[in-house]
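Chemist: Let me begin by handing over the structure; questions about it come next.
Every number in this text was worked out from the coordinates using simple rules, so none of it is lab data. From a predicted model like this one, the values you see are computed outputs, not experimental measurements. Because the Cβ atoms are built from the backbone with ideal geometry, glycine has one as well, and the counts that use them run over all protein chains shown.
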Number of protein chains: 4
Amino acid sequence: MPAEAGARRPGAVRSEDARTAILAAASELLAEQGYDHLTIEGIAARAKVGKPTIYRWWPSKSALIAECLLDDALLPETITPRNTGDVLADVTEWFGKIVRFVDDGKSTALIRSILAAAIDNNDVAIQLARRLGATPESLEGRLDAAVASGELVAEASVRHLSDSLIGAIVLRLISHSGFEPDDARQFPRTILAGSLA
Amino acid sequence: MPAEAGARRPGAVRSEDARTAILAAASELLAEQGYDHLTIEGIAARAKVGKPTIYRWWPSKSALIAECLLDDALLPETITPRNTGDVLADVTEWFGKIVRFVDDGKSTALIRSILAAAIDNNDVAIQLARRLGATPESLEGRLDAAVASGELVAEASVRHLSDSLIGAIVLRLISHSGFEPDDARQFPRTILAGSLA
Amino acid sequence: MPAEAGARRPGAVRSEDARTAILAAASELLAEQGYDHLTIEGIAARAKVGKPTIYRWWPSKSALIAECLLDDALLPETITPRNTGDVLADVTEWFGKIVRFVDDGKSTALIRSILAAAIDNNDVAIQLARRLGATPESLEGRLDAAVASGELVAEASVRHLSDSLIGAIVLRLISHSGFEPDDARQFPRTILAGSLA
Amino acid sequence: MPAEAGARRPGAVRSEDARTAILAAASELLAEQGYDHLTIEGIAARAKVGKPTIYRWWPSKSALIAECLLDDALLPETITPRNTGDVLADVTEWFGKIVRFVDDGKSTALIRSILAAAIDNNDVAIQLARRLGATPESLEGRLDAAVASGELVAEASVRHLSDSLIGAIVLRLISHSGFEPDDARQFPRTILAGSLA
DNA sequence: ACGTAAGCGAGACGGTACGTCCCGTCTTGGC
DNA sequence: GCCAAGACGGGACGTACCGTCTCGCTTACGT
């Protein structure tokens with residue numbers, strides 16, 4: 001019983017198998033070959049799917065990547081700061097984990113590829129930012145909590161602090177210059193220093 | 001009698017005309033069409049040059065962009081902070097100018113294109129970072145001077161502050177979300193606060 | 001249920017329009033420009049077809065020419081000897097027609113081009129030989145009939161006579177020296193003389 | 001000490017070393033790679049000579065091949081029929097040698113290449129015909145002698161006989177179908193039969 | 001239960017750009 | 001003035017993908 005009259009005409013329904021095979025193939029190929037060697041043709045072949053099936057549902061390569069991110073087919077794990085009551089310690093720990101993840105060699109090329117996709121697709125950019133911390137459960141959530149609990153001064157701009165931390169990581173990614181461990185430990189202190197209560 | 005046995009005879013010399021025409025054409029087309037619609041074929045046609053002349057001297061599109069940046073064919077103007085003795089004011093002024101430049105609509109697509117090039121070519125990344133402040137005459141220079149003069153505390157990490165400021169701009173560029181004027185005024189204070197003497 | 005397990009699914013079918021447009025374009029350009037100025041790119045442009053469509057179906061320029069010959073897109077008319085009962089007269093008439101056709105200035109460049117193609121593609125050579133006489137309906141057929149009817153001696157080698165007549169034409173084509181009318185009249189007599197009954 | 005006053009202006013004279021190196025390189029490469037893979041660039045490189053040196057002296061690749069033939073850099077040996085007084089035996093022997101030479105596998109590709117060159121350069125065609133027999137010392141000479149001595153009838157057309165013999169060889173070369181030994185023995189008899197006294 | 005229409009795989013199509021090869025001309029500096 | 005070396009503008013090569021378009025098939029709704 002369709003919810004609304006004339007909702008859909010007869011015919012086969014979208015194949016979930018095809019959808020997941022495509023996302024999986026795209027994720028694998030992105031990790032293996034990088035964003036600019038990623039081709040729709042290659043994805044279709046790997047997913048054993050016709051090209052039109054991809055074009056029917058996604059307008060562009062980058063939209064496909066955005067959905068991969070949304071679907072956790074890429075970057076399945078999320079790094080979230082703890083809340084021990086010590087915001088500087090928590091953020092420093094989080095930052096170190098992010099840095100290690102991003103510099104680890106296996107994922108650095110992948111992240112760089114996602115970054116390339118992000119430049120021409122805002123949805124990718126949004127998803128990437130979420131993965132890296134711009135989400136209520138993650139960095140911004142921890143900072144908000146810190147403001148609420150008085151660990152950070154009331155006028156502290158959570159958005160600015162978050163952008164600084166993530167922006168620096170992105171900048172280092174782009175310029176192929178990672179963070180040394182000491183750097184990574186010191187960086188959050190430098191940024192947060194002016195906002196600690 | 002040749003100076004050394006293995007010395008190769010000279011042959012015709014590289015044409016400076018061709019080189020500059022190529023760099024100019026690449027710069028124009030990058031600004032007009034963006035990095036991923038930029039084609040070697042198009043550059044060759046615009047520069048009235050054979051494709052092989054480009055391939056003879058540059059291994060890739062991105063290497064060509066890197067040389068455009070080096071040659072000041074792209075981004076000819078450099079924004080440099082003043083030194084009035086008030087580091088926060090100077091950096092805030094500089095940051096505002098950068099933000100206005102980067103958000104101004106004419107150059108934002110260009111910068112985004114350069115960013116895309118930077119992701120697959122470290123030389124582009126280095127040149128771009130220089131243009132944005134990582135140079136003794138620019139942001140890092142001003143911050144170094146502030147440390148030297150005692151405006152900033154001795155242990156302040158100039159590199160970290162610089163990465164934060166520039167990284168945030170890059171992040172906003174990638175995610176298509178610019179800085180509001182108030183944001184731009186407040187941001188440097190948030191970052192520098194912890195390092196002011 | 002598919003008839004057999006390994007059967008591949010069909011997909012779109014080859015476009016006959018494209019095929020004939022390509023053959024026509026190739027034939028025209030061969031006649032206009034000669035074999036070595038013939039380019040795949042030019043054929044594709046004339047036929048309003050993508051280059052890959054040509055490469056999908058023909059491995060080389062010469063294979064394309066071979067199919068033009070097979071398809072009667074080149075050399076549509078065939079010159080066939082009559083059978084009046086007088087083999088020398090019939091062959092002489094046929095030879096004269098071939099010589100006139102081949103020397104006529106419009107087709108001589110075309111035939112020369114086909115000859116060039118024949119050198120690096122045996123299929124072209126075979127088709128060209130057929131057009132010139134190596135076919136049951138043509139010269140060899142007439143000679144076979146003459147042997148059967150006793151006009152030629154039983155041991156006469158039809159293949160040898162045919163090769164002589166056609167070979168001489170080819171040789172004259174290659175060396176840019178045509179047959180004078182008298183020459184053309186006399187030649188078959190010289191060759192056939194030893195085989196007449 | 002110049003032989004005549006004011007005869008020529010100063011400057012270096014054409015280098016014979018360069019000329020022979022070029023002819024040798026062209027001959028080798030023609031034999032190795034065939035006519036259509038033969039490039040001026042390759043010849044220059046093999047001969048350790050600048051490209052302009054080639055263009056200064058030869059207008060085209062095929063002219064260069066023609067000079068190779070003239071200079072005996074290609075096809076150094078000439079096959080000449082003997083004169084034992086038996087023209088059929090002599091021509092048959094000569095024909096057999098030519099067939100074996102032409103079919104031998106090492107030289108067949110070379111001859112085919114020369115044939116390709118002959119199609120767009122009449123000088124090559126002339127030289128090739130000479131090598132194969134159209135020269136007073138060779139086939140036509142032997143046939144002329146036969147007419148003079150009465151072995152062949154007075155009205156026999158030497159040119160026609162020669163064209164038939166050589167044309168058939170060329171035809172077989174083009175169509176990749178050689179002569180069997182029996183064929184080769186029988187062929188001259190078939191052709192000459194009508195002209196023997 | 002059946003017709004109908006959408007989804008699907010396959011893959012051909014007209015295109016664009018790739019990066020390479022060679023063309024024939026030119027420029028340079030040494031002999 | 002000839003030569004080697006080799007850069008140049010140009011054009012075609014054969015390939016890789018693009019995004020669109022048939023093809024026949026499978027599938028599953030709605031009558």
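Chemist: Per residue, how much space in cubic angstrom lies within the convex hull of the C-alpha atoms of the range C:4-71?
Modeler: Dividing the Cα hull volume of the range C:4-71 by its residue count gives 102 Å³.
Chemist: Which one, B:Leu29, B:Val91, B:Leu75, projects farthest toward the positive side of the charge dipole computed for the range B:12-143 from Cβ point charges (K/R +1, D/E -1)?
Modeler: B:Leu29
Chemist: What's the magnitude of the charge dipole for the protein assembly as shown around its Cα centre, counting Lys and Arg as +1 and Asp and Glu as -1 at the beta-carbon? Answer in Debye, nearest 20.
Modeler: Dipole of the protein assembly as shown, to the nearest 20 debye: 340 debye.
Chemist: Additional query: Set the Förster distance to 60 Å, then compute FRET efficiency between B:Ser149 and C:Ser15 from the Cβ-Cβ distance, nearest 0.05.
Modeler: Step by step, r from the Cβ atoms, then E = 0.20.
Chemist: Per DSSP helix of 4 or more residues, -39500 (n - 2.57); summed, then divided by the residues of chain C. What does that give at 222 nm, rounded to the nearest 500?
Modeler: Value at 222 nm, helices only: -19500 deg cm²/dmol.
Chemist: Right, something else. Please report, to one decimal in angstroms, the Kirkwood hydrodynamic radius of the range D:27-130 built from all distinct Cα-Cα pairs.
Modeler: It is 14.9 Å.
Chemist: With unit charges on the beta carbon (Lys/Arg positive, Asp/Glu negative), name the residue among C:Tyr55, C:Leu132, C:Ser162 whose Cα is farthest towards the positive pole of the charge dipole of the range C:43-197.
Modeler: So the residue furthest toward the plus end is C:Tyr55.
Chemist: Still on this structure: Could you work out the pair-distance distribution P(r) of the range A:80-128 from its alpha-carbon pairs, with 10 angstrom bin width and percents rounded to whole numbers?
Modeler: 26, 34, 32, 8
Chemist: With +1 assigned to the C-beta of every Lys and Arg and -1 to the C-beta of every Asp and Glu, and no other charges, what is the dipole magnitude of the range B:132-177 about the Cα centre in debye, to the nearest 20?
Modeler: Values: 3 positive and 6 negative charges, 44 e Å.
For this selection, approximately 200 debye.
Chemist: Local charge sum around D:Lys106 (other residues, Cβ-Cβ under 13 Å, Lys/Arg +1, Asp/Glu -1)?
Modeler: Spelling it out: positives minus negatives among the neighbours equals -2.
Chemist: In the range A:29-86, which trypsin sites (Lys or Arg not before Pro) fall in coil by DSSP and have 15 or fewer other Cβ atoms within 10 Å?
Modeler: Numbers: sites: A:Arg46, A:Lys48, A:Arg56, A:Lys61, A:Arg82; in loops: A:Lys48, A:Arg82.
In loop regions of the range A:29-86 (DSSP not H, G, I, E or B), the sparsely surrounded trypsin sites (Lys or Arg not before Pro) are A:Lys48, A:Arg82.
Chemist: Could I ask something else about it? By the scheme Lys and Arg +1, Asp and Glu -1, what is the net charge of all other residues having a beta-carbon under 14 Å from that of D:Ser60?
Modeler: -2
Chemist: Quick one: D:Leu173, A:Leu64, fewest Cβ neighbours within 10 Å first, how do they rank? Numbers along the way, then the final one.
Modeler: Working: D:Leu173 21, A:Leu64 24.
By the 10 Å Cβ count, ascending, the order reads D:Leu173, A:Leu64.
Chemist: Other chains near C:155-165: what is the mean number of their Cβ atoms within 10 Å of each residue's Cβ?
Modeler: That average works out to 6.
Chemist: Could you give log10 I(q)/I(0) at q = 0.07 Å⁻¹ for the protein assembly as shown, computed by the Debye formula over C-alpha point scatterers of equal weight, without solvent?
Modeler: -0.77
Chemist: What ratio of Cα Rg to 2.2 N^0.38 Å holds for chain C?
Modeler: 1.26
Chemist: Rounded to two decimals, what is the ratio between the C-alpha radius of gyration of the range B:108-197 and 2.2 N^0.38 Å? Intermediate results must be reported in sequence, preceding the final value.
Modeler: On the way: Rg = 14.2 Å, N = 90, 2.2 N^0.38 = 12.2 Å.
With N residues counted in the range B:108-197, Rg over 2.2 N^0.38 Å equals 1.17.
Chemist: Right, something else. Give a quick list of GluC sites (Glu not before Pro) in the range A:128-186 that DSSP marks as loop, anything other than H, G, I, E or B, with at most 10 other Cβ atoms within 10 Å. Walk me through the numbers on the way to the answer.
Modeler: On the way: sites: A:Glu137, A:Glu140, A:Glu151, A:Glu155; in loops: A:Glu137, A:Glu151, A:Glu155.
Hits after loop and neighbour filter: A:Glu155.
Chemist: Exposure proxy check: A:Leu70, B:Leu192 ranked by fewest other beta carbons within 10 Å? The partial results should precede the final answer.
Modeler: Values: A:Leu70 15, B:Leu192 25.
Fewest-to-most Cβ neighbours within 10 Å comes out as A:Leu70, B:Leu192.
Chemist: When the dipole is taken about the Cα centre of the range C:62-197, and only Lys, Arg (+1) and Asp, Glu (-1) are charged at their Cβ, what size is it in debye, to the nearest 20?
Modeler: Numbers: 12 positive and 20 negative charges, 48 e Å.
That gives a dipole near 220 debye.
Chemist: So for A:Asp163, D:Asp90, B:Asp123, fewest C-beta neighbours within 10 Å to most, what's the order?
Modeler: By the 10 Å Cβ count, ascending, the order reads B:Asp123, D:Asp90, A:Asp163.
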